[in-house]
Amino acid sequence: MKKTKKVAAVTLAALLVASGCSNNSKSETASKEYNLKDISFPLEEKVTLNFMTQSSPLAPKDPNEKLIYQRLEEETGVNIKWKNYTSDVFIEKRNLAMASGDLPDAVLDAAYSDYDLLKLAKDGAIVPVEDLIEEHMPNLKKVLEAAPEYKAMMTAPDGHIYSFPWIEELGSGKESIHSVDDFPWINVEWLNKLGLEMPKTTEELKKVLIAFKTQDPNGNGKADEIPMSFINKSGGEDLAFLLGSFGLGENWDHTVVTNDGKVTFTAADEGYREGIKFLNELHKEGLIDVEAFEQDWNTYVAKGKDNRYGLYFTWDKANITGMNDKYDLMPPLAGPDGHVNVTRTNGMGFDRGRMVITSANKNLELTAKWIDELYDPVQSVQNNWGTYGDEKQQNIFEYDEEANMLKHLPLEGTAPVELRQKTNIGGPLAILDEYYGKVTTKPDDAAWRLGLMKEVMVPHMKAENIYPKVFFSIEDLDRLSAIETDLFAYVMRKRAEWIQNGKVEQEWSSYLKELDRLGLKEWLKIKQSGYDRNQK
């Protein structure tokens with residue numbers, strides 16, 4: 001298994017006796033009854049901690065049915081009593097529990113924003129953890145010593161650390177796997193059938209999509225092809241990639257840092273306006289999926305599996321149309337003036353708020369040591385992707401015990417996201433680039449995507465910097481949140497209107513005035529100040 005050390009908890013039995021608990025009792029000890037000190041794993045008597053978490057509907061309702069958690073319980077002697085919710089209702093249930101004071105010991109895969117963390121800390125609902133890290137978490141300490149930038153990102157403006165992060169490195173700088181979410185996948189089977197070349201310009205793309213619509217490339221005699229589809233929501237299935245041909249481009253948070261360090265709002269850029277005009281031209285030609293502005297993931301996937309798309313957008317085509325040769329990555333396109341640009345997202349493999357310990361927890365040392373197990377390199381790899389040796393279902397890995405290394409198995413046509421959701425635990429965790437080749441192999445799908453990123457996208461990335469993971473004060477977050485709620489919604493609403501109905505040119509001036517009324521100038525000032533502070 002993943003550990004070579006197993007030290008008996010010689011002090012625990014004595015502590016339980018002193019607390020009035022019989023050594024002969026094998027019952028699970030309630031987490032709030034004892035304040036255990038100087039413990040080591042595996043415990044001699046089982047102790048229960050109460051955690052809240054979320055999981056995919058594809059995963060077991062009881063997380064303890066996952067092999068990863070069963071092994072952790074065997075290795076530590078800690079039983080986790082879960083309140084587990086499916087991802088679609090988790091945030092609501094999590095917030096209700098916190099508001100009611102019915103606190104678990106910790107929340108895992110917590111999905112907390114920076115504002116959430118600071119508000120919960122201010123209200124005393126969660127505890128600072130920097131001393132726990134220093135005293136009881138050697139695995140996490142080792143990660144932070146190897147990559148000290150993460151400790152800075154974890155630290156709140158008041159100097160405390162309130163949460164445990166998810167860290168996944170896969171490439172760095174422009175070659176990071178996170179540099180572009182919305183890869184454009186084009187149906188090369190249709191291109192070949194119609195004798196068309198891969199488009200290199202926006203005008204060529206328009207002609208290709210018209211051919212997809214009018215020339216029956218699937219050969220069934222019906223006009224059921226969908227030339228282009230997307231999900232009208234910031235993220236991997238959005239069509240924002242196409243806007244890079246017209247200027248700064250667009251990404252999920254509407255933020256680009258120019259190479260002279262100026263924070264810019266993409267959706268107020270003149271190039272953005274020109275890009276929207278182009279998308280409206282596509283819409284007028286009937287080239288955009290009529291459901292694109294309202295469809296959900298399941299609808300999107302269902303049509304993709306039927307191979308109805310000429311062009312669509314997603315992180316990995318395997319999740320939509322399968323890992324086959326029917327679709328290929330479309331390179332970035334030159335706009336009307338020859339401009340080519342791949343807009344970088346401001347993403348990186350770092351999530352600050354992946355796990356918190358609440359103020360109801362009476363076993364801080366035990367909890368910290370259990371969480372530290374999640375930062376063991378071999379354990380982190382499993383937390384992120386899934387495990388090995390599961391006799392009940394498909395495995396992500398095989399385990400080389402001699403090398404203490406996890407090796408990715410072929411997916412055999414299984415969508416990686418689905419297998420991952422069934423078996424992994426989401427984190428916290430840490431996977432550094434240095435682990436690849438030593439602790440684990442790169443997943444085939446990730447290695448393949450990294451290759452595409454380097455070959456197709458990186459040569460056309462003009463931005464040298466991304467907007468970093470700035471940890472703003474609660475006051476700044478209050479203002480940013482208040483502004484973004486209306487500002488971002490307005491931008492997306494107008495984008496959808498303009499793509500479908502036109503009039504971006506006529507309404508542009510009033511649109512810019514409305515952006516200012518909604519607080520754009522203040523937003524830019526706060527974001528610029530945060531960027532400048534981060535660069536010092």
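The values are calculated or read from the model by the stated rules, or taken from the named source; none is laboratory data. Since the model is a prediction, treat every value here as computed from it, not as a measurement. Cβ: placed from backbone, ideal geometry, glycine included. Neighbour counts: every protein chain shown. Areas reflect the complete protein model, heavy atoms only, side chains present, ligands, DNA and RNA absent. Shrake-Rupley method; radii C 1.70, N 1.55, O 1.52, S 1.80 Å.
From Cα pairs below 8 angstrom and at least 6 apart in sequence, can you work out the relative contact order of the chain, rounded to a whole percent? Show your work: numbers first, answer last.
Values: 947 pairs, mean separation 113.3, N = 536.
It rounds to 21 percent for the chain.
Can you flag which of LYS93/LYS303; LYS213/LYS326; LYS454/LYS525; LYS277/LYS513; LYS61/LYS303; LYS193/LYS326 are past 23 Å Cα-Cα?
In this structure, LYS93/LYS303; LYS454/LYS525; LYS61/LYS303 exceed 23 Å between Cα atoms.
Under the rule of -39500 (n - 2.57) per DSSP H run of 4 or more residues, summed and divided by the residues of the chain, what mean residue ellipticity at 222 nm is obtained, to the nearest 500 deg cm²/dmol?
Numbers: 18 runs with 202 residues, N = 536.
Value at 222 nm, helices only: -11500 deg cm²/dmol.
Count neighbours as other Cβ atoms within 10 Å of each site's Cβ, and list the GluC sites (Glu not before Pro) in the range 120-197 that are DSSP loop with at most 10 such neighbours.
Values: sites: GLU130, GLU134, GLU135, GLU145, GLU149, GLU168, GLU169, GLU175, GLU189, GLU197; in loops: GLU169, GLU197.
Those that pass, being in a loop and sparsely packed, are GLU197.
Measure off, as a whole percent, the carbon and sulfur share of the 1.4 Å-probe accessible area of the range 33-144, all protein chains present. Mind showing how you got there, number by number?
Working: 2420 of 5070 Å².
Carbon and sulfur together cover 48 percent of it.
How large is the dipole of the chain about the Cα centre if only Lys and Arg carry +1 and Asp and Glu carry -1, each at its Cβ, rounded to the nearest 20 debye? It would help to have the intermediate numbers written out before the result.
Values: 64 positive and 87 negative charges, 63 e Å.
Its charge dipole is roughly 300 debye.
Assuming 0.36 nm per residue, please report the length gained on full extension of the stretch GLN70 to ALA496 beyond their Cα-Cα distance.
Values: separation 426, 0.36 × 426 = 153.36 nm, distance 4.74 nm.
So the chain would gain 148.6 nm between GLN70 and ALA496.
Normalized C-alpha radius of gyration of the range 120-212, against 2.2 N^0.38 Å?
Working: Rg = 23.9 Å, N = 93, 2.2 N^0.38 = 12.3 Å.
Relative to the 2.2 N^0.38 Å estimate, the range 120-212 comes out at 1.94.
Between ASP516 and ASN95, what's the calculated FRET efficiency when r is the beta-carbon distance and R0 is 30 Å? Round to 0.05. The partial results should precede the final answer.
Numbers: r = 33 Å, r/R0 = 1.09.
Approximately 0.40, to the nearest 0.05.
Could you work out how far apart the two model spin labels at ASP102 and ALA146 are, taking each label as a point 7 Å from the Cα in the direction of the beta carbon, and quote it in nm?
Going by the 7 Å Cα→Cβ label model, 4.1 nm.
Please find the FRET efficiency linking LYS438 to ASP486, where r is the Cβ-Cβ separation and R0 is fixed at 51 Å, and quote it to the nearest 0.05. If you can, show how the numbers build up before the last one.
Details: r = 48 Å, r/R0 = 0.94.
E(calc), rounded to 0.05, equals 0.60.
In the range 341-461, what is the volume of the convex hull around the alpha carbon atoms, normalised per residue and reported in Å³? Display every interim value, and only then the final one.
Details: hull volume 18.4 nm³, N = 121.
In the range 341-461, the Cα hull volume divided by residue count equals 152 Å³.
First obtain the Kirkwood hydrodynamic radius of the range 262-329 from its Cα pairs, then insert it into the Stokes-Einstein equation at 25 °C and 0.890 mPa s, and state the resulting D in µm² per second as a whole number. Can you show the working numbers first?
Details: Rh = 14.2 Å.
Rounded, D is 173 µm²/s.
Which cross-chain or sequence-distant (5 or more) residues have an amide H under 5 Å from the amide H of ASN232, H modelled 1.01 Å from N in plane?
GLU294, GLN295
Given the peptides 486-495, 295-304, arrange them by the average over their residues of other C-beta atoms within 10 Å, most packed first. Let's see the in-between values first.
Values: 486-495: 17.1, 295-304: 15.6.
The most tightly packed comes first, giving 486-495, 295-304.
Using Cα-only point scatterers and the Debye equation, what is log10 of I(q)/I(0) for the chain at each q in 0.05, 0.09, 0.10, 0.13 Å⁻¹, rounded to two decimals?
-0.23, -0.73, -0.89, -1.37
Could you give the nm distance between label points at TRP448 and THR299, where each point is 7 Å from its Cα heading toward the beta carbon?
A separation of 2.8 nm, rounded to one decimal place.
Taking the Cα centroid of the range 57-98 and of the range 478-515, what is the distance between the two, rounded to the nearest whole Å?
Distance between centres, Cα-based: 40 Å.
How large is the charge dipole for the range 104-238, taken about the Cα centre, if only the Cβ atoms of Lys, Arg (+1) and Asp, Glu (-1) carry charge, to the nearest 20 debye?
Details: 13 positive and 26 negative charges, 133 e Å.
Around 640 debye, computed over the range 104-238.
Report relative contact order for the range 198-346 in percent, whole number only (criteria: Cα-Cα under 8 Å, sequence separation at least 6). Walk me through the numbers on the way to the answer.
Details: 231 pairs, mean separation 53.3, N = 149.
Answer for the range 198-346 is 36 percent.
Between GLU412 and LEU58, what FRET efficiency comes out of the Förster formula 1/(1 + (r/R0)^6) with R0 = 30 Å and r the beta carbon distance, rounded to 0.05? Show your work: numbers first, answer last.
Values: r = 17 Å, r/R0 = 0.57.
Approximately 0.95, to the nearest 0.05.
Under the definition of Cα pairs under 8 Å and six or more residues apart, what whole-number percent is the relative contact order of the range 264-368?
Numbers: 29 pairs, mean separation 11.3, N = 105.
Rounded, it is 11 percent for the range 264-368.
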